[in-house]
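The values are calculated or read from the model by the stated rules, or taken from the named source; none is laboratory data. Computed from a predicted structure; not experimentally measured. Cβ atoms come from the backbone with ideal geometry, glycine included; neighbour counts cover every protein chain shown. The accessibility values were calculated without ligands, DNA or RNA, using every heavy atom of the protein model including side chains. Shrake-Rupley method; radii C 1.70, N 1.55, O 1.52, S 1.80 Å.
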Amino acid sequence: MKENNPKGRQTWRFRRYSNRSYAVFCSLQKPVNIGVITVAMLASVPAVTISAQTNKDMQNQVYELEEIEVTGSRVPLTVSQAARMVTVLDREAIAAAPVQTVNDLLKYAVGVDVRQRGDMGVQTDISIRGGSSEQIAILLDGINICDPQTSHNAAEFPVDIHEIERIEVLEGPAGRVYGTSSLVGAINIVTKDDVNSGVEAHLDGGSFGFFDGGGRVNFLTGKWGNSLSGGFTRSDGYSWSKANHLNSDFKKSKLFYRGKYDHEHVGIRWHAGFSQKDFGANTFYSTASDEQFEHVRKYFMAVQAETKGTFFHFKPSAYWNRSEDRFEFFRGQPDRVPFNYHRTDVYGVNLNNYIQSFLGKTAFGAEFRNEGVISTTLGEPLDHPKPVHGADGVYSVGLNRTHLSFHLEHTVLLKRFTLSAGVIAVKNTGNEMNFRFYPGVDASFQLAPYWKVYASYNTSLRMPSFTELYYSVGGYKADKFLKPEEMEAVEVGVKFLRPGIRATASLYHNHGTNLIDWVKDLSKGDEAPWESVNHAVVNTLGIETSLVFDFSELLERNAFLRTIQLSYNYMDQDKETSQSTQSMYSLEYLKHKVVARGSFHLWKKLDLNVAYRWHDRRGNYQQGDEMHSYRPYSLLDARLSWMAPQYKLYIEANNLLDKSYFDHGNIPQPGIWVRAGISCRFDL
């Protein structure tokens, strides 16, 4: 339903289906700063909706949507122009999903592998397209918050799921966009930027002594905006130790402040956050103790600015992140095994610019990033050991390294064809390497109004984590001479997008060299250590498909069956290993993953959302004296919710069929987990 307008811009027509929303039923052609959006974006309601509290006389009125920007490239591009695969989980999709954490929400992205040691985001390893959790970049509002100590603690966010505007998943190497860490992809968490002042609160409870409560205050005045949020979550846990203790319990606290200033020539954003988590780690790291425990505390600070000129755009940012970790091999018993303490500090400056001219858009810039750790186990001996604040311990070793990169990218925009090419030059003092160059190119072509094909070639680099380099205690043997990982990937794909029907298909090939993993040689007996090693070469071939039917758009009314989504990802890795070799990460991957989701409108404001997943993982794990291969498993989740303008009631369940399964090693996952809650918002 395209309308002509004097500016030549395409507008969107909405038809009102209920008191809650208007649904799009025209082609998707709005400007967004991404590559190809996978519009099968886990939506359990129409793919794009806007809030509506108006009367019936507004039916069939024409509106223009605000521009949506996401970070999948160095310069903003429209959907019809760019050529990267990005999955976007919008606010409506997040609100409808039967989950409580970002980690759990990502399980429904078919190209993402979420492996949990503890549920509810207690400890999660997130990977993309067969890589390891160390090989992805994680960002908060575009700021890199990766933890160079270990990726086990990387997915710690100072915000909860109620405060998130959207989540962007970029699949494939993203070196020239995010620099190091983004070896196989990136995940960007974008927080809410409300247009009205208001107060929000939520309260949830459920199985295993689960409780979650939190709130948020947002205040806007003139060009200024401020928001403050906090929350607390806890659970008794679901698994028992041999001494008959519950040792998968947890407590989590979060606090987050976000501010902004908007001027006609410049916009400034800043945030400060804090998160703390204490959890029973059962046998997370070793079977020698099922009384492990961990305490993680994190601090986040960042400021960003962006000019709003028509020719030159300058977007600088500066940030500081700190992580403090205490690991107890025997919970509360330092006399048996001394506690391990680590403190990691990361600070950096990112300068991104782009110029827009008749030749296209040219982006250029640089980043400086410093990563340092002081520890009881990770690094080289310190000249001046430092006491651990508030504990009976001493930081005796440490390590510091500096990362410097420069990027250049140019994009040519024609009527139906887009070509974007660039390179990033990287130097890191971690192994005294010289500058290395990692190029990339993306191309897309609009075949017809609803059809588009695209292709890309991208490369990237990742430095080893501090744990991979130096963790040599408790049955682990690290190699401080590990080489950086490198990846090059080729991808081709096709997308079909029309009102009510959206489909994507892609074929990708990743060629990784010097990929890092922890492996155990079982031929050396039970006492063989886990060793960090560089695999010579690992090739990954994959196919990813997705199909979404939006019956609200197809039928132009609020149908009983709103949406149905089917997604499938297939992967095969050709690394050959001995039967006696047990891998912890890179040789264990999801060969098959199926995701199916359905959204139903039952009555008035009552909705039902159902999600099914089937996983078939390659790899093996040791349980007792025997080796076991991972068995395929299927899980069914559901949420029943009452969606009113100012409040929402829900009841949800994960693993409805109460399946027994293993996600990581021999750590059992919980059975059926039921929760109920309420959330509300009041505008000021």
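For the range 660-684, filtering for residues that are open to solvent by 70 Å² or more (accessible area, probe 1.4 Å) and either within 27 Å of residue 91 (Cα to Cα) or touching a Ser or Thr at 6+ places or on another chain (Cβ under 7 Å) (or both) leaves 4. Annotation note: Cβ proximity below 7 Å between a residue of the range 200-216 that is closer than 10 Å to residue 162 by Cβ and a residue that is surrounded by fewer than 16 Cβ atoms within 10 Å (Cβ to Cβ) and among the charged types (D, E, K, R) (sequence gap 6+ or interchain) occurs for no pair.
Taken together, 155, 137 contain a single residue that is assigned to a loop (DSSP other than H, G, I, E, B), within 10 Å of the chain's Cα centre (by Cα) and surrounded by 23 or more Cβ atoms within 10 Å (Cβ to Cβ), which is 155.
Residue 559 - would you say it is open to solvent by 30 Å² or more (accessible area, probe 1.4 Å), farther than 26 Å from residue 655 by Cα and of a type in the set (Gly, Ala, Ser)?
Working: open to solvent by 30 Å² or more (accessible area, probe 1.4 Å): no; farther than 26 Å from residue 655 by Cα: yes; of a type in the set (Gly, Ala, Ser): yes.
It is false that residue 559 is open to solvent by 30 Å² or more (accessible area, probe 1.4 Å), farther than 26 Å from residue 655 by Cα and of a type in the set (Gly, Ala, Ser).
Here residue 394 meets the list (1) modelled with pLDDT of 90 or more; (2) of a type in the set (A, V, I, L, M, F, W, C); (3) open to solvent by less than 70 Å² (accessible area, probe 1.4 Å); (4) in contact with a Pro (Cβ under 8 Å, 6 or more places away or on another chain) almost entirely, failing just condition (3). Please tell me if residue 644 is open to solvent by less than 30 Å² (accessible area, probe 1.4 Å), within 19 Å of residue 108 (Cβ to Cβ) and not β-branched (Val, Ile, Thr). When the stated conditions are applied, residue 644 does not pass them.
Listed residues 649, 602, 636, 590; which is hydrophobic (A, V, I, L, M, F, W, C) and under 25 Å from residue 131 (Cβ atoms)?
590
Mind counting the residues in the range 103-134 that are in a loop (DSSP other than H, G, I, E, B) and farther than 23 Å from residue 510 by Cβ? Give the derivation first.
First pass over the range 103-134, keeping only residues in a loop (DSSP other than H, G, I, E, B): 109-111, 119-122, 129-132.
Still in the list and also farther than 23 Å from residue 510 by Cβ: 119-122.
Looking only at that region, the number is 4.
For residue 123, the test of being farther than 27 Å from residue 548 by Cβ, modelled with pLDDT of 90 or more and more than 11 Å from the chain's Cα centre (by Cα) is failed.
With respect to residue 629, is the statement that it is touching a Phe, Trp or Tyr at 6+ places or on another chain (Cβ under 8 Å) and either surrounded by fewer than 13 Cβ atoms within 10 Å (Cβ to Cβ) or modelled with pLDDT of 95 or more (or both) true?
Working: touching a Phe, Trp or Tyr at 6+ places or on another chain (Cβ under 8 Å): no; either surrounded by fewer than 13 Cβ atoms within 10 Å (Cβ to Cβ) or modelled with pLDDT of 95 or more (or both): yes.
Judged against the criteria, residue 629 is not a match.
Considered as a group, the residues in the range 584-612 that are among the β-branched types (Val, Ile, Thr) and open to solvent by 40 Å² or more (accessible area, probe 1.4 Å) include one that is farthest from the chain's Cα centre (by Cα), and that residue is 610. Among the residues of the range 294-313, those that are open to solvent by 40 Å² or more (accessible area, probe 1.4 Å) and under 26 Å from the mean Cα position of the chain (by Cα) comprise 297, 299, 301, 303, 306. Taking the criterion of being in contact (Cβ under 8 Å) with a residue 40 or more places away in the chain and outside any strand (DSSP E or B), the residues of the range 626-660 that qualify are 630, 632, 645. In the range 613-626, the residue that is modelled with the highest pLDDT out of those that are open to solvent by 40 Å² or more (accessible area, probe 1.4 Å) and within 24 Å of the chain's Cα centre (by Cα) is 614.
Residues of the range 238-252 that are within 21 Å of residue 214 (Cβ to Cβ), open to solvent by less than 40 Å² (accessible area, probe 1.4 Å) and not aromatic (Phe, Trp, Tyr): 249, 252. Go through the residues of the range 89-100 one by one and say whether even a single one is open to solvent by less than 20 Å² (accessible area, probe 1.4 Å), closer than 21 Å to residue 492 by Cα and at pLDDT 80 or above. There is no residue in the range 89-100 that is open to solvent by less than 20 Å² (accessible area, probe 1.4 Å), closer than 21 Å to residue 492 by Cα and at pLDDT 80 or above.
Let me confirm something: among 528, 559, 536, which residue is closer than 30 Å to residue 440 by Cα and aliphatic (A, V, I, L, M)? Write out each step before concluding.
On the way: 528 fails: closer than 30 Å to residue 440 by Cα; 559 fails: closer than 30 Å to residue 440 by Cα.
None of the other options fit; the residue is 536.
Checked against (1) surrounded by 16 or more Cβ atoms within 10 Å (Cβ to Cβ); (2) out of contact with any Ser or Thr (no Cβ under 6 Å at 6 or more places or on another chain), residue 380 passes all but a single condition, namely (1). Checking the structure you have, find out if any residue of the range 345-362 is among the aliphatic types (A, V, I, L, M) and over 27 Å from residue 146 (Cβ atoms). Yes - at least one qualifying residue is present in the range 345-362.
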